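Some notes on the structure that comes next.
Throughout, read-outs are computed from the coordinates displayed, never taken from laboratory work. Every value quoted in this text rests on a predicted model; they were computed, and no experiment measured them. Every residue, glycine among them, receives a Cβ derived from its backbone with ideal geometry; neighbour counts consider all protein chains shown.
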Amino acid sequence: MQALLYPKTYSFRRRPENILAACLLPRRESVVAQNFYKGRWSYTAFVAPILLLIGMFFYIPVFLSFFWSFFLERPFGGGSEFVGFQNYARILGDPEFWSAMRRTLLFMVIAPGLAIGVSLVLALAVNRGLRGSHAARNIIIWPKAVAGASIGVVFVFIFDPFLGVFQSINAIFPGLWNPRVDGTDAFITIVIAQIWNGIPFNFIILLSGLQTIPDTLTKAAAMDGAGPWRRIVDIELPLLTPQLFLTFVLEFVGTIVEAFGLIDTMTQGGPGGATNLLIYKIYSDGFKAYDLSGAATQTAILTIFVTVMVLLQFRLEKHVKYER
Amino acid sequence: MIERSNSIQRVAAFVMVIGTIFILAPLVIAFLTASRSYEEFVQAGGIEFSVGSHFVANIREILFETELPRQLINSFVISLLVAFIKCSFAFLATFALVFYQSRLNTLIFALTIATVMLPLELIVITTYQVVANVAMPLNWLLSILGIANLSEWIFGWRPEFQLSLLDTYIGVAAPIATSCTSVFIYRQFFLSLPQDLPKAATMDGAGPIRFMIDILLPLSWTPLVATFMFWFIGGWTSYLWPLVAASTPDAQPAIVGLAKMANADDETIPNVPLLMAGALFVSFIPVLLIAFMQRQIVQGLNLSEK
């Protein structure tokens, strides 16, 4: 019965995340759609809700941020005035913006790299099917259900120089660890919290990739005399490239925005702006300093940046092999 | 495995244990700290690795003396709305995209995909302005079409509509629900069904709507339930948007309430045990969901083969 209902099993290449890749750059073969029914009215009725929703709350805001970036908007509805590229000139000439951008880039390199590395090692270990691996797998996914803002409240206490786990170190070497004052320490705490929160999703994707590697390949390699370590390097890692690529794409965009909850509860951009990433700067410029035009302009710049990054990554994806 | 190799098994077991400890440590520390009273905590001067006796008292304080219980209900309603909108809208649209013949299919699919690329947090400034007055597009339309000027000229009244959804459940939930990842998941699932399914339904006299309700919906139960729970958790854990869209404590979800509680504390030594109890309190529903329904969620999202 199962076979009757699902004759085409999900082959690896047809999984949603790969289709995401396939659709953004439509050069891979597309799956044949059924396209059976006709009827304009019912078609419109089915697609209208989602189009209204994304039109209203996605496309209009995106359009507005670009639109506003050319206007000087007064807070509290004081009218607006067309200023051309002046907002851009102001933002791009602001050293604050560039240091926030630099910190964002640094964060985007370090946090996803570590989160994916840790998840990969964990997935390789759990995939060996040892005793207790089911429980470990279940627990490792828990942080997915914990909001960044609520774990931030916990982490800020754990890393507190006087109350947290490092208080004994601080008692011996005063001032060695103090994220309240030291910018680097604060940055490290955000990175650790981000890794904690980022493990589950990467872990699920990588583990599912490992599980699709056919047994026959492993057996053949073992027959040829490849030991388990050798098989990780020569079989499992190369066959995991698509999943690794996917995690990098998702993490890359994800870390830009996900860090907000952590920053807001742990450091609020401080000390001395050391953890003031672009996403937090936009929030504080827009909602605390009421610089709507400036915030909109930075939103527009970040939007362009993310779009270019995602498209570049999918260009890079050409080198990823999907065939098994 | 194929051959017994002790070295790698031992390393794998070690890695697994370390990983599990890393994941559990913050939760355990939060629980241990939540089990002490404020006085005990101040006296001990920080973290202590033993279970105290004040956990129930702290939870009672959270329940009866803070706004968190009310905000927990807000979280619940908002997350349900997010999950419902995401699943139902995407299900309807994907049904049309896969089973209908239309030249618009590719365009609409591309429009929905693009929402996945830019997270809501990026465009939060302008989304706020839209939600603060959802009649804004209507006002634009009226002034572009000249109706606004016409009306001003004839009636001496310029139509300006104003409808704010800030501080409402739907206003908080709708923008979170714009990311259309479900469309991919359902599309993949629909395409994996037998091609002749709609044809067979038509032969038996069922139209497209009957086909959708009586055949497609029961078949799609697994991915629907999985995505519903996944988006529920996603709605629950979102922070930046609810923070700006809900300004009054009555409308805020629990995560925002907890963060406000943490940031508002200006004592020399904040009441950390109470905060830890709060952090556990706002997280237990989604964590239980992911701990007990994990197989359904992971399988239904088709992220895992086994």
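The distance between label points at B:A114 and B:F76 comes to 3.9 nm (points 7 Å beyond Cα on the Cα→Cβ vector).
Ordered by the number of other Cβ atoms lying within 10 Å of each residue's own Cβ, fewest first, B:D167, A:D234 fall into the sequence A:D234, B:D167.
Shape class for chain B, computed from the alpha carbon gyration tensor (a ≥ b ≥ c): oblate, with a/c not under 1.5 and a/b at or below b/c.
Extending 7 Å from Cα along the Cβ direction at A:L130 and again at B:L138 yields two label points whose distance is 6.2 nm. For the range B:102-137 versus the range B:24-79, the inter-centroid distance based on Cα atoms is 39 Å. Between A:T241 and A:T44, residue separation times 0.36 nm minus the direct Cα-Cα distance comes to 66.9 nm.
Free of any chymotrypsin sites (Phe, Trp or Tyr not before Pro) that DSSP assigns to a loop and that have at most 13 other C-beta atoms within 10 Å, the longest stretch within chain B is B:162-306. Annotation note: GluC sites (Glu not before Pro) in the range B:1-97 located in DSSP loop regions with a Cβ neighbour count of at most 13 within 10 Å are B:E3. Using a simple spin-label model with pseudo-atoms 7 Å out from Cα toward Cβ, B:S151 and A:N170 lie 6.1 nm apart. The GluC sites (Glu not before Pro) of the range B:91-181 meeting both criteria, a DSSP state outside H, G, I, E and B (loop) and at most 16 other C-beta atoms within 10 angstrom of the site's C-beta, are B:E160. Looking at the range B:159-254, which trypsin sites (Lys or Arg not before Pro) are DSSP coil and have at most 14 other C-beta atoms within 10 Å of their C-beta? In loop regions of the range B:159-254 (DSSP not H, G, I, E or B), there are no sparsely surrounded trypsin sites (Lys or Arg not before Pro). Structure note, pairs A:K281/B:K260; A:K144/A:K281; A:K288/B:K86: Cα-Cα distances above 22 angstrom occur for A:K144/A:K281; A:K288/B:K86.
In terms of its C-alpha gyration tensor, the protein assembly as shown has an oblate overall shape, because the principal axis ratio a/c (a ≥ b ≥ c, square roots of the eigenvalues) is not below 1.5 and a/b does not outweigh b/c.
Around the amide H of A:Y37, modelled in the peptide plane, lie the amide H atoms of B:Y100, B:Q101, all under 5 Å away and 5 or more residues distant in sequence or on another chain.
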